[in-house]
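So the structure is just underneath, and the comments pick up after that.
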Amino acid sequence: MSDDFSAWVGKCETNVDVLDPARTNALRAALGETAQLVEGDKLPPLHHWLYFWNVQPPASLGADGHPAKGGFLPPVLPRRMWAGGG
C-alpha cells in the first residue's frame with residue numbers, strides 16, 4: 001500500500017434523501033412521544049441520523065460492516081467504529 005493519499009484530499013460525497021416524517025414519527029413513537037410531526041415541521045435534535053443512509057449491498061461492505069474502504073475513504077485505518085457512533 002502506498003503512503004501517498006493525495007488522491008483522497010478534498011474528496012467529497014453527497015447523499016440525497018427525502019425527509020419523510022414517517023421515519024422520525026416511528027422513533028418518536030418508540031420513545032413514547034404521541035405528537036406526530038408533519039411535512040415541513042423541524043426535526044427534533046439528532047433525528048437527522050435517521051436520514052441520508054449510505055445503503056450498500058453485502059458485497060460492498062468491509063469486515064466492520066461499513067462500506068468497503070478504498071472508494072470514498074482511503075484504505076488506511078483498521079477500524080472505523082468509536083464509542084457512541086457507527
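The values are calculated or read from the model by the stated rules, or taken from the named source; none is laboratory data. These numbers were taken from a predicted model, which means no experiment stands behind them. Note that we place each Cβ from the backbone using ideal geometry, even for glycine, and neighbour counts take in every protein chain shown.
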Inset, instruction - Give me the pairs, please: first residue somewhere in segment 48-72 and closer than 18 Å to Asp17 by Cβ, second residue anywhere and of a type in the set (A, V, I, L, M), beta-carbon distance under 7 Å, and either six or more positions apart or on two chains. - result: Leu50/Leu27; Tyr51/Leu19; Pro67/Leu61
Legend entry - Check on Glu13, modelled with pLDDT of 85 or more, among the acidic types (Asp, Glu) and part of a loop (DSSP other than H, G, I, E, B): no
Inset, instruction - Among what's in segment 29-86 and is closer than 26 Å to Phe5 by Cβ and at pLDDT 85 or above, pick the residue that is surrounded by the fewest Cβ atoms within 10 Å (Cβ to Cβ). - result: Ala59
Legend entry - Within segment 16-35, tally of residues that are assigned to a loop (DSSP other than H, G, I, E, B) and either among the acidic types (Asp, Glu) or within 23 Å of the chain's Cα centre (by Cα) (or both): 7
Legend entry - Close pairs from segment 6-33: first under 21 Å from Leu46 (Cα atoms), partner assigned to a loop (DSSP other than H, G, I, E, B) and polar (S, T, N, Q), Cβ under 6 Å, at least 6 apart: Asn25/Gln36
